[in-house]
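Q: Below are the structure tokens for one structure; questions will follow.
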Amino acid sequence: MRGRFAVIGVGLAMLLAGCGNSTNVIEGEVKTISTAAGEDSPQAGAEDQQVQNTKAATAEKKEEKGYVFCYNDTVIEIDAASASVIEQLGEANSYFEAPSCAFEGIDKMYTYNGFEVDTYPMEDGDHISAVIFKDDTVATAEGVGIGDSVDKVIEIYGKDAVDESGMMVYDKDGMQLCFIVEEERVISVEYRSTVLDA
């Protein structure tokens, strides 16, 4: 019986959509009505897939400039000018500054939900030196976060990491993506500049 009402409802909707002189565009997810047997149409992961596609597209666009961290709509690139990034991120949960050991000026640390952004001073303004994950609520643009397995890291980033005392370090375009590993699990993630290594 429910199946008949579903068919009648769909037919009525199609009839109404065809009426009138103006063109109507209907947007949204397509959902099916449960049948008498109680089977639902699978909608699994539609939103997750969209998020993954957005992250992948962002990472692909930035590929020539190393690994990037994406938080909501903000793309955070190591060694980029920090002013617009800090403005987009909004007010930090906490802020700390100290005289720079490597440059003339002030190093700054902004802590947000799940991550920290560090900056270093240059003549043209502050630049991003590091992004450090604080918990498992954030992940890299490619989908790796605290708590993930070493196998997942290798599957996504490859086997060419340099091992630095338990830290897997991937170098790309003058920056590093580092995973501190303990018992085959990621316990820390850090994007960092190599400018400070000079």
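Q: Working only within the range 58-80, note down all residues that are over 16 Å from Ser193 (Cα atoms), modelled with pLDDT of 70 or more and not in a strand (DSSP E or B).
A: Within the range 58-80, Asn72, Asp73 meet the criteria.
Q: Cβ-Cβ below 9 Å, separation at least six or inter-chain, first residue in the range 177-194 and without any contact (Cβ under 8 Å) to a residue 40 or more places away in the chain and more than 15 Å from Val144 (Cα to Cα), second of a type in the set (Lys, Arg) and crowded, with 21+ Cβ neighbours inside 10 Å: which pairs?
A: From the range 177-194, no pairs qualify.
Q: Then there's this: Among the residues that make up the range 84-100, is at least one of them assigned to a strand (DSSP E or B), in contact (Cβ under 8 Å) with a residue 24 or more places away in the chain and either within 22 Å of Phe179 (Cα to Cα) or hydrophobic (A, V, I, L, M, F, W, C) (or both)?
A: No, there is no match, as no residue in the range 84-100 is assigned to a strand (DSSP E or B), in contact (Cβ under 8 Å) with a residue 24 or more places away in the chain and either within 22 Å of Phe179 (Cα to Cα) or hydrophobic (A, V, I, L, M, F, W, C) (or both).
Q: Out of everything in the range 101-126 that is over 19 Å from Glu190 (Cβ atoms) and in a loop (DSSP other than H, G, I, E, B), what residue ends up being nearest to the chain's Cα centre (by Cα)?
A: Residue satisfying both the conditions and the ranking: Asp124.
Q: I've got another one for you. Would you pick out the residues in the range 139-160 that are surrounded by 18 or more Cβ atoms within 10 Å (Cβ to Cβ) and touching an Asp or Glu at 6+ places or on another chain (Cβ under 9 Å)?
A: Ala139, Ile146, Asp148, Tyr157
Q: Can you tell me how many residues within the range 81-107 are hydroxyl-bearing (Ser, Thr, Tyr) and modelled with pLDDT under 95?
A: Within the range 81-107, residues that are hydroxyl-bearing (Ser, Thr, Tyr) and modelled with pLDDT under 95 number 1.
The values are calculated or read from the model by the stated rules, or taken from the named source; none is laboratory data. Just so you know, these numbers come straight off a predicted model, no measurement behind them. A quick note on method: Cβ atoms are made from the backbone with ideal geometry, for glycine too, and the neighbour counts reach across all protein chains shown.
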